[in-house]
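K.L.:
The structure is given below, and queries will be raised subsequently.
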Amino acid sequence: MKVFQNISEAKHIKNPVLTLGVYDGIHLGHQAIISQLNRIAEEIGGESVLLTFEPHPRITLNKGADSLQLLTLEDEKTELLKNYGLQNLIIHPFTKEFSQLSADDFVKLLVDEIGIHSMVIGYDHHFGKDRSGDFQELSRLSKIYGFDCVKVDEIKSGDNHISSTQIRNSLLKGDLEFAKKGLNRNYSLKGTVVDGDKLGRTFGYPTANLKVEKYKLIPGNGVYVVKVFIGDEVFKGLLSIGTRPTVTNTNEKRVEVYILDFDHDIYGKEIKLEFFKKLRDDQKFDSVEELIRQMDVDKSAAEKFNFD
């Protein structure tokens, strides 16, 4: 997969079959569009292209950026897209000036700069200033500028619509099952190990405190069984997300992982966590002893958990 840092870099793609959007999560709907892209590109002897944007439009436009929670950051998105046969990825800077392009001017830019052969978009996709462009508008513009356009229908999991918003909501509720169905994989996040107060050591459960990058979605409070990736090694882990109400009096949210059968110093290292099962909610116990007994139960559940 070739990666371009703006639209003008991608001038020499052969018969581009292009889709566009934020593509947060690369969920089943996104995967269906990419599959369609690849199929059409193969049929016409062209190449598949995804045009996405960085930073997220809400950050540039200051529209609720403080509450932005992303399923995939730029590096995660790029890595995932390699798995779906995409041939070209354009990560175009989303500036205020770029945001002012009308739907017509935006499509004309793609025609002039890339020479698009075809465009494929989801049934509910909008583009251009104030999201004024939709598939009907794209069909009109395709006749003016001489390219084909294709609409991909809605993707569902049972009766549930698959969207980035639905998947975010499920993760915030701790519903890993719906998220997994929508993503077609387990949710994951990365974090850098930072110094904590080392309270876990006094309980016999030393944890790695993680600093998670801004805007990355952290699932709802609770205790989870996770797979922990440290370099080339993989371990079982117990992840706690919450305020530790039994041992602290603050509302500071912590992301701490207890790594089973592991005792190395990993301060400053980046580790990856893959979510498999929520064991319980974050809760306040009547004593530290009661907390430790519950942690023993959680550890036993993690030891017995089968990741296959």
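The values are calculated or read from the model by the stated rules, or taken from the named source; none is laboratory data. Since this is a predicted model, take the numbers as computed values, not measurements. With ideal geometry, Cβ positions are generated from the backbone for all residues, glycine too; neighbour counts draw on all protein chains shown.
K.L.:
Yes or no: the stretch 114-129 includes at least one residue that is of a type in the set (Asp, Glu), surrounded by fewer than 17 Cβ atoms within 10 Å (Cβ to Cβ) and not in a loop (DSSP other than H, G, I, E, B).
P.N.:
Looking for residues that are of a type in the set (Asp, Glu), surrounded by fewer than 17 Cβ atoms within 10 Å (Cβ to Cβ) and not in a loop (DSSP other than H, G, I, E, B), one finds none in the stretch 114-129, hence no.
K.L.:
Hey, any hits in the stretch 92-103 for a residue that's touching an Asp or Glu at 6+ places or on another chain (Cβ under 8 Å) and part of a helix (DSSP H, G or I)?
P.N.:
yes
K.L.:
Take the residues of the stretch 196-217 that are within 19 Å of LYS269 (Cα to Cα) and among the aliphatic types (A, V, I, L, M): which is modelled with the lowest pLDDT?
P.N.:
Out of the qualifying residues, it is ALA208.
K.L.:
Still on this structure: Identify the residue in the stretch 265-285 that is loosely packed, with under 13 Cβ neighbours inside 10 Å and under 14 Å from VAL194 (Cα atoms) and, among all such residues, is modelled with the lowest pLDDT.
P.N.:
The extreme case among them is ASP265.
K.L.:
Restricting to the stretch 213-246, and then to whatever is closer than 17 Å to TYR258 by Cβ and surrounded by fewer than 15 Cβ atoms within 10 Å (Cβ to Cβ), can you tell me which residue is farthest from the chain's Cα centre (by Cα)?
P.N.:
So the residue we want is GLU233.
K.L.:
Just one of the numbered conditions (1) part of a helix (DSSP H, G or I); (2) buried (at least 22 other Cβ atoms within 10 Å of the Cβ); (3) under 18 Å from the mean Cα position of the chain (by Cα) is not true of GLU79; which one?
P.N.:
(2)
K.L.:
Separate question: Among VAL3, VAL17, VAL107, which is of a type in the set (Val, Ile, Thr), in contact with a Ser or Thr (Cβ under 6 Å, 6 or more places away or on another chain) and at pLDDT 95 or above?
P.N.:
VAL17
K.L.:
Which residue pairs have Cβ atoms under 6 Å apart, sit 6 or more places apart or on different chains, and have a first residue in the stretch 223-242 that is within 9 Å of GLU274 (Cβ to Cβ) and a second that is aromatic (Phe, Trp, Tyr) and buried (at least 17 other Cβ atoms within 10 Å of the Cβ)?
P.N.:
Filtered contacts from the stretch 223-242: VAL226/PHE275.
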